[in-house]
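Here the structure is laid out as structure tokens; the discussion comes afterwards.
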Amino acid sequence: MNDTANFLDVRILGCEYRIVCPPGKEEALQAAVRMVDERMREIADKTRSNQPDRVAVMAALNIANEYLSALAENRAGGQTDETPTATATNFDSPVLKRKIDDMDTRLTTLLEIAS
């Protein structure tokens, strides 16, 4: 492991994790932690699930879906960069919100069936 790496102790959905973080990237990691924690809490509340692994998978799928949708929008808009810009316009589009809501509904139904 790199001797210059920092460790950050973070809390996500009530669980503590020690995460390796390159120097100077602490703020970005904390922002990611807040995003994941918020998303997991929303999903746990909606699904009333107390199974952190299921909530984590659903959060990961939602975040990946947002990323891929933003990437597709960027490509359709003429951008060739592989990394979508994380602007409010990318994540606030009505089409993206509808897709996320549809995916959330399907995942919630699947979790209810599996429970």
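How many residues are assigned to a helix (DSSP H, G or I) and over 13 Å from the mean Cα position of the chain (by Cα) if we restrict to the range 31-62? Write out each step before concluding.
Initially, the range 31-62 is screened for residues assigned to a helix (DSSP H, G or I), giving 31-47, 52-62.
Filter once more, keeping what is over 13 Å from the mean Cα position of the chain (by Cα): 44-47, 52-54.
Count: 7.
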Checklist outcome for this item: Expected output for the range 37-58 (first residue touching a residue at least 24 places away in the same chain (Cβ under 8 Å), partner part of a loop (DSSP other than H, G, I, E, B), Cβ below 7 Å, 6+ apart or cross-chain) is 37/13; 40/13; 41/13; 44/13; 52/13; 55/13; 55/49
Checklist entry - In the range 1-54, what residues are within 18 Å of residue 103 (Cα to Cα) and surrounded by 12 or more Cβ atoms within 10 Å (Cβ to Cβ)? => result 36, 38, 39, 40, 41, 42, 43, 44, 46, 47, 49, 54
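Closer than 20 Å to residue 104 by Cβ and part of a loop (DSSP other than H, G, I, E, B), is that true of residue 65? Explain how you work it out, then say what you get.
Details: closer than 20 Å to residue 104 by Cβ: yes; part of a loop (DSSP other than H, G, I, E, B): no.
For residue 65, the condition - closer than 20 Å to residue 104 by Cβ and part of a loop (DSSP other than H, G, I, E, B) - is not met.
Readers should treat all values here as calculations from the given coordinates under stated rules, not as data from a laboratory. Since the structure is predicted, the reported quantities are computational estimates derived from the model, not experimental observations. All Cβ positions, glycine included, derive from the backbone under ideal geometry; neighbour counts span all protein chains shown.
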